[in-house]
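Undergrad: The structure that follows is given in the form of structure tokens.
The values are calculated or read from the model by the stated rules, or taken from the named source; none is laboratory data. Nothing here was measured: the structure is a model prediction, and the numbers come from that model. Note: accessible area is taken over every heavy atom of the protein model, side chains too, but ligands, DNA and RNA are not part of it. Shrake-Rupley method; radii C 1.70, N 1.55, O 1.52, S 1.80 Å.
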Amino acid sequence: VQANANATFIDCCASVPEAEEVETLKWMIDCIQEVTDLPISVDSPSPDVLIEAYKFCKRPGLINSVSMEGDKIDKIFPVIADTDWEVVALCSDDTGIPKTAADRLRVFDNIMAKAKEYGIKPSRLHIDPLVEMLCTSEDGIAMNIEVISTIRKQYPDIHITAAVSNISFNLPVRKLLNMSFTVLAMNYGLDSAILDPTNRDMLGLIYATEAMLGKDDFCMEYI
């Protein structure tokens with residue numbers, strides 16, 4: 001269903017105890033590959049699990065995810081350095097999720113230094129600025145926009161992604177906030193998102209926004 005709805009990757013997350021995770025992910029990946037050729041986003045908080053589970057994929061996909069927390073990057077980046085695998089990188093480190101745009105951009109700079117060290121091109125990175133709840137924010141989405149726009153200006157070829165539904169936690173009529181945030185963030189450089197591709201309203205909005213931003217030649221994708 002997700003493949004037919006034009007998803008780019010199929011996210012595969014086991015959400016089981018780590019001792020069972022590799023075996024469970026193998027089963028899930030095999031099930032996905034039986035029904036679609038779309039690349040898989042192999043999703044786990046454990047770098048050790050990711051290093052084992054990505055081997056079950058028939059084609060390069062997306063590692064989800066690394067951050068500057070612990071030794072995640074130093075475990076994952078060497079493994080995928082000479083491959084076509086892409087990777088999600090979170091703007092967090094051992095201090096947790098930074099509270100300011102400046103601190104998130106500092107973490108981003110450290111991620112890029114590691115990427116350069118291991119020969120990972122910016123075009124293979126999907127940077128996640130870590131969207132948080134609007135209802136607890138003092139400045140709306142200003143911090144997210146500063147992070148997204150700064151990264152986009154520095155690296156035109158990099159990918160910037162987000163779990164857009166995070167913005168609307170604990171608020172009513174969440175779909176309106178999710179859609180509003182997506183449009184605003186796309187205007188500043190967001191070029192992918194973790195979302196339900198079968199949501200026709202959201203997908204239509206994304207195609208319309210890409211056309212408005214001049215990212216859809218002659219509106220062919222929208223049409």
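Undergrad: Just how far, in whole angstrom, is the stretch 20-70 from the stretch 79-146 if you go by their alpha carbon centroids?
TA: Using only Cα atoms to place each centre, the spacing works out to 20 Å.
Undergrad: Further question: At 1.4 Å probe size, with the rest of the protein present, what percent of the exposed accessible area of the chain is carbon and sulfur atoms? Before the final figure, lay out the partial values.
TA: Working: 6350 of 11890 Å².
Carbon and sulfur: 53 percent of the exposed surface of the chain.
Undergrad: Which helices of the chain meet both criteria: a Cα extent of 15 Å or more along the helical axis and a mean Kyte-Doolittle score no lower than -0.5, with helices taken as whole DSSP H segments? Display every interim value, and only then the final one.
TA: On the way: long enough: 18-35 (27 Å, -0.14); 101-118 (26 Å, -0.43); 142-154 (18 Å, 0.08); 174-188 (22 Å, 0.39); 200-212 (18 Å, 0.43).
Span-like helices in the chain: 18-35, 101-118, 142-154, 174-188, 200-212.
Undergrad: Let me check against my output: what whole-number percent is the relative contact order of the stretch 153-205, with C-alpha pairs under 8 Å and at least 6 apart? Walk me through the numbers on the way to the answer.
TA: Numbers: 41 pairs, mean separation 22.9, N = 53.
Contact order relative to length: 43 percent.
Undergrad: Can you give me the relative contact order of the chain as a percent, contacts being Cα pairs under 8 Å and 6 or more apart? The partial results should precede the final answer.
TA: Numbers: 335 pairs, mean separation 30.2, N = 223.
Reported as a whole number, the value is 14 percent.
Undergrad: Separate question: Suppose we keep just the DSSP beta bridges with both residues in the chain; what percent of those would be antiparallel, to 5?
TA: On the way: 1 of 19 bridges.
Within the chain, antiparallel bridges account for around 5 percent of the total.
Undergrad: Further question on the same structure: Explain nothing, just the number: relative contact order of the stretch 34-120, from Cα pairs under 8 Å at least 6 residues apart, as a whole percent. It would help to have the intermediate numbers written out before the result.
TA: On the way: 111 pairs, mean separation 22.4, N = 87.
Rounded, it is 26 percent for the stretch 34-120.
Undergrad: If you count only protein heavy atoms with a 1.4 Å probe, what accessible area per residue comes out for the chain, rounded to a whole Å²? Write down the numbers at each step before the final one.
TA: Working: 11890 Å² over 223 residues.
Dividing the accessible area of the chain by its residue count gives 53 Å².
Undergrad: Take the residue pairs Lys55/Lys175; Lys55/Lys114; Lys75/Lys121 and return only those whose Cα atoms are more than 27 Å apart.
TA: Details: Lys55/Lys175 36 Å; Lys55/Lys114 23 Å; Lys75/Lys121 17 Å.
Pairs exceeding 27 Å: Lys55/Lys175.
Undergrad: Please label the shape of the stretch 111-203 as rounded, prolate or oblate, based on the square roots a ≥ b ≥ c of the eigenvalues of the alpha-carbon gyration tensor (a/c under 1.5 means rounded; beyond that, a/b larger than b/c means prolate, else oblate).
TA: Details: a/c = 2.34, a/b = 1.72, b/c = 1.36.
Verdict is prolate for the stretch 111-203.
Undergrad: Tell me, in nm to one decimal, what length is gained between Asp94 and Lys75 on full extension, where the rule is 0.36 nm per residue of separation less the Cα-Cα distance? Please list the in-between numbers first.
TA: Numbers: separation 19, 0.36 × 19 = 6.84 nm, distance 1.57 nm.
Gain on stretching Asp94 to Lys75: 5.3 nm.
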